[in-house]
């Protein structure tokens with residue numbers, strides 16, 4: 001349920017519902033906690049306050065897709081600790097730029 005705060009006046013419920021529908025349609029995949037509707041004459045300024053959508057991180061470790069390591073035995077946990085983690089980091093600032 002989205003909390004709606006109307007500032008500097010009042011709106012009818014059907015207007016509030018239309019603004020909520022617009023906010024949800026304009027921000028697919030985002031969780032809207034609160035909408036502030038600030039009335040300014042004939043204009044309405046909308047401010048959205050988003051919440052965090054929880055997700056589980058899934059990694060491929062030692063050939064298995066896992067979210068957490070709590071079900072691994074000691075041998076698999078040791079394999080995870082011995083892994084070499086790779087990253088792409090330029091050795092110098094010159095490596096960042098590509099010349100023609």
Being surrounded by fewer than 13 Cβ atoms within 10 Å (Cβ to Cβ) and touching a strand residue (DSSP E or B) at 6+ places or on another chain (Cβ under 9 Å) is the filter here, so list the residues in the range 1-14 that pass it. 3, 5, 7, 8, 9, 10
From 94, 15, 79, residue being at pLDDT below 80, over 23 Å from the mean Cα position of the chain (by Cα) and assigned to a helix (DSSP H, G or I): 94
Considering residues that are without any contact (Cβ under 8 Å) to a residue 12 or more places away in the chain and within 17 Å of residue 1 (Cβ to Cβ), the number found within the range 26-59 is 0
Return only the number of the condition from (1) modelled with pLDDT of 80 or more; (2) in contact with a helix residue (DSSP H, G or I) (Cβ under 8 Å, 6 or more places away or on another chain) that residue 69 does not satisfy. (1)
Of those in the range 21-76 that are loosely packed, with under 10 Cβ neighbours inside 10 Å and within 30 Å of residue 10 (Cβ to Cβ), the residue nearest to the chain's Cα centre (by Cα) is 28
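The values are calculated or read from the model by the stated rules, or taken from the named source; none is laboratory data. Given the structure is predicted, the values throughout are model-derived calculations rather than measurements. Backbone-built Cβ (ideal geometry, glycine too); neighbour counts: all protein chains shown.
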